[in-house]
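**Q** My structure is below; once you've seen it, I'll send some questions.
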Amino acid sequence: MASINKRGKKWNARVSYYDDLGNRKFINQGGFRTKREAQEWANQNEVDVSNGINPRLGKQLFTDYFLKWYQTYKEPILAKSSRLRYQYTLGIVNNYFAGKRLDEITRTDYQKFLNDYANPVGRSPRSLSSSEKVNVQIKSAVQYAIDDGIIKRNFTAHTKISGRPEKPKEMKYLDGKDAEKLTRALESDLTFAHLTKLMALVSLQTGARYSEVAGLTWDCFSFDFKTLRINKTWDTLQRNGFADTKNEQSKRLIKITDHLADILKSFHALQIIKLEELGIDNPLDLIFINQYGRVPDNTSANQTLHRVLKRIGSKDITFHGLRHTHASYLIYKGVSIYYISERLGHSNYSTTIRVYSHLLREMEKKETGKALVALSSMDGLVHKSVHKSYKNA
């Protein structure tokens with residue numbers, strides 16, 4: 001029940017509500033010029049309360065809400081690299097929205113923030129992808145606030161991001177012939193001293209990311225079933241232990257060839273001998289631990305790959321390009337895109353289709369030709385049948 005009263009020349013309004021613990025609370029607003037304005041304010045707030053909107057929570061600082069939202073819903077489930085991205089956004093929010101209440105930010109305020117973020121004063125414009133990442137995270141937090149009845153307006157709705165367009169990046173991968181040449185070159189020099197060549201071979205044969213390859217332990221490998229299990233990654237930031245996979249779908253079991261299984265089995269026996277000779281412990285039971293007792297870093301893996309590619313006369317790609325080469329090779333061999341998606345550990349099939357859309361379009365042209373040939377054969381059968389029926393008529 002609202003109460004309206006006059007103090008001096010201004011009107012005040014008060015609305016009561018009950019919090020989650022059943023305690024009665026009040027919100028007050030003064031300074032109305034007329035009783036009608038005060039009554040309208042009270043009526044609107046009573047409607048909000050009846051719809052489950054907590055008016056007091058909406059008055060908290062947006063910076064406080066965003067931090068609590070991140071700590072509650074995101075931090076516990078994100079990989080370290082993703083947490084760093086959210087913490088970056090948290091810093092941006094703290095800097096721009098300092099002192100701003102959650103319920104007082106308008107769409108105009110938020111659009112101005114997006115504009116200022118994309119074009120900071122005295123600095124070069126930020127990339128469009130950077131603007132998109134910050135926007136997506138803030139929009140998600142605001143939607144949670146709406147769903148929880150904290151605010152009723154989505155001040156991020158119908159706003160537009162801007163920023164410097166990304167330079168077009170050609171997805172670099174090897175064609176089938178070069179992929180086969182690279183495989184032979186890597187296999188010809190698989191020694192304990194050249195560990196990164198085996199890492200490259202495993203990535204080329206499985207489509208696994210560098211961090212996934214580096215995080216493999218011997219219990220992930222099954223010689224009997226010819227499989228590699230991806231259930232963790234190597235922490236590329238701290239470089240002293242494991243981290244979680246990119247997402248839950250990235251945890252997967254990959255079938256490998258008999259040949260690769262034989263290579264890994266032989267390497268395991270060699271590793272035991274070499275580590276013992278060097279007096280190096282392998283407490284984590286890592287597959288890829290070098291003569292210095294460390295996991296080769298991504299830079300070393302890329303340097304090795306560049307040298308081998310130059311030697312065989314192939315175009316240059318990064319270690320991550322081995323993953324694209326693996327997928328591209330399977331696509332050209334006619335393997336189902338749905339199986340490829342699961343093998344790569346993509347979060348959903350649409351990701352695979354989006355990443356490899358250009359290859360799929362090329363394959364579609366070939367499939368169109370095959371379909372027309374098949375249909376032409378049908379046309380021939382139908383034509384003969386129709387011709388015969390006319391002849392007998």
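The values are calculated or read from the model by the stated rules, or taken from the named source; none is laboratory data. Since the structure is predicted, the reported quantities are computational estimates derived from the model, not experimental observations. A quick note on method: Cβ atoms are made from the backbone with ideal geometry, for glycine too, and the neighbour counts reach across all protein chains shown. With ligands, DNA and RNA removed, areas are computed over all heavy atoms of the protein, side chains included. Shrake-Rupley method; radii C 1.70, N 1.55, O 1.52, S 1.80 Å.
**Q** Taking the Cα-to-Cβ direction at Glu276 and at Tyr339 and moving 7 Å from each Cα, how far apart do the two end points lie in nm?
**A** Output for this residue pair reads 4.1 nm.
**Q** Select from Lys315, Lys68, Lys25 the residue whose mean-square fluctuation is largest in a Gaussian network model of the chain (Cα-Cα springs shorter than 10 Å).
**A** Lys25
**Q** I would also like to ask the following. Can you give me the % of accessible surface on segment 228-384 that is carbon or sulfur? Probe 1.4 Å, all protein chains present, nothing else counted.
**A** 55 percent
**Q** Here's another thing I want to ask about it. With a Förster radius of 56 Å, plug the Cβ-Cβ distance of Lys59 and His320 into 1/(1 + (r/R0)^6) and report the FRET value to the nearest 0.05.
**A** The computed FRET efficiency comes out at 0.75.
**Q** Would you mind getting me the FRET efficiency between Ser3 and Val136? Use the beta-carbon distance for r and R0 = 41 Å, nearest 0.05.
**A** 0.45
**Q** Still on this structure: If you wrap segment 199-301's Cα atoms in a convex hull and average its projection over all directions, what's the area in nm²?
**A** 6.3 nm²
**Q** For the chain, what does the accessible surface come to per residue with a 1.4 Å probe? Please give it in Å².
**A** That works out to 58 Å² per residue.
**Q** Of (i) 65, 52, 40; (ii) 70, 55, 39; (iii) 93, 93, 47, which is the value of Cα extents along the principal axes in Å derived from the coordinates here?
**A** It is the value labelled (iii).
**Q** Can you list the HN-Hα couplings for segment 298-308, worked out from phi with the Karplus curve (6.51, -1.76, 1.60; θ = phi - 60°), rounded to whole Hz and with x for Gly and Pro?
**A** Along segment 298-308, the couplings run 4, 4, 4, 4, 5, 4, 4, 4, 4, 5, 5 Hz.
**Q** Follow-up. Using the Cα gyration tensor of segment 215-267, with a ≥ b ≥ c the square roots of its eigenvalues, what is the shape: rounded (a/c below 1.5), prolate (a/b larger than b/c) or oblate (neither)?
**A** oblate
**Q** Tell me which residues come under 5 Å, amide H to amide H, from Ala243 once H is placed; ignore anything under 5 positions away on its chain.
**A** Thr233, Trp234, Asp235
**Q** With each pseudo-label sitting 7 Å past Cα toward Cβ, what's the Gln303-His194 distance in nm, one decimal?
**A** Distance between the two pseudo-spin positions: 1.6 nm.
**Q** Another question about this same structure. Pop out the carbon and sulfur fraction of the accessible area of segment 88-176 as a percent, whole number, probe 1.4 Å.
**A** About 52 percent, which is the carbon plus sulfur part of the accessible surface.
**Q** Kindly give Rg over Rh for segment 164-207, based on alpha-carbon atoms, with the Kirkwood expression for the hydrodynamic radius.
**A** 1.17
**Q** Using alpha-carbon pairs under 8 Å, 6+ residues apart, how would you state the relative contact order of the chain in percent?
**A** This gives 12 percent for the chain.
**Q** Ignoring GluC sites (Glu not before Pro) that are buried or in helix or strand per DSSP, and keeping those with at most 10 other beta carbon atoms within 10 Å, what is the longest stretch of the chain between them?
**A** 171-393
**Q** What shape does segment 241-385 take by its C-alpha gyration tensor, where a ≥ b ≥ c are the square roots of the eigenvalues and a/c under 1.5 counts as rounded, a/b above b/c as prolate, and the rest as oblate?
**A** Because a/c hits 1.5 or more and a/b exceeds b/c, segment 241-385 counts as prolate.
**Q** State whether segment 266-331 is rounded, prolate or oblate according to the following rule on the C-alpha gyration tensor (a ≥ b ≥ c being the square roots of its eigenvalues): a/c under 1.5 gives rounded; otherwise a/b larger than b/c gives prolate, and the remaining case gives oblate.
**A** Prolate is the answer for segment 266-331, as a/c is 1.5 or above and a/b outweighs b/c.
**Q** In whole Hz, what ³J(HN,Hα) sequence does segment 143-152 give by Karplus (6.51, -1.76, 1.60; θ = phi - 60°), x for Gly and Pro?
**A** 5, 4, 4, 5, 4, 8, x, 7, 10, 10
**Q** I would also like to ask the following. Work out how much length Arg153 to Ser16 would gain on full extension: take 0.36 nm times their residue separation and subtract the Cα-Cα distance, in nm to one decimal.
**A** 47.2 nm
**Q** Here is a follow-up. On full extension of the chain, what length is gained from Arg101 through His268, given 0.36 nm per residue of separation minus the C-alpha to C-alpha distance?
**A** 54.2 nm
**Q** For Ile263, what accessible area in Å² do you get when you roll a 1.4 Å probe over the heavy atoms of the protein chains, rounding to the nearest 10?
**A** 30 Å²
**Q** Of the residues Gly163, Gly31, Gly99, which exhibits the maximal mean-square fluctuation in a Gaussian network model of the chain defined by a 10 Å Cα contact cut-off?
**A** Gly31
**Q** Return the sequence-ordered ³J(HN,Hα) values of segment 276-290 in whole Hz as given by the Karplus equation 6.51 cos²θ - 1.76 cosθ + 1.60 applied to θ = phi - 60°, using x for Gly and Pro.
**A** Those phi angles translate into 5, 4, 8, x, 9, 7, 9, x, 8, 6, 6, 6, 10, 10, 8 Hz.
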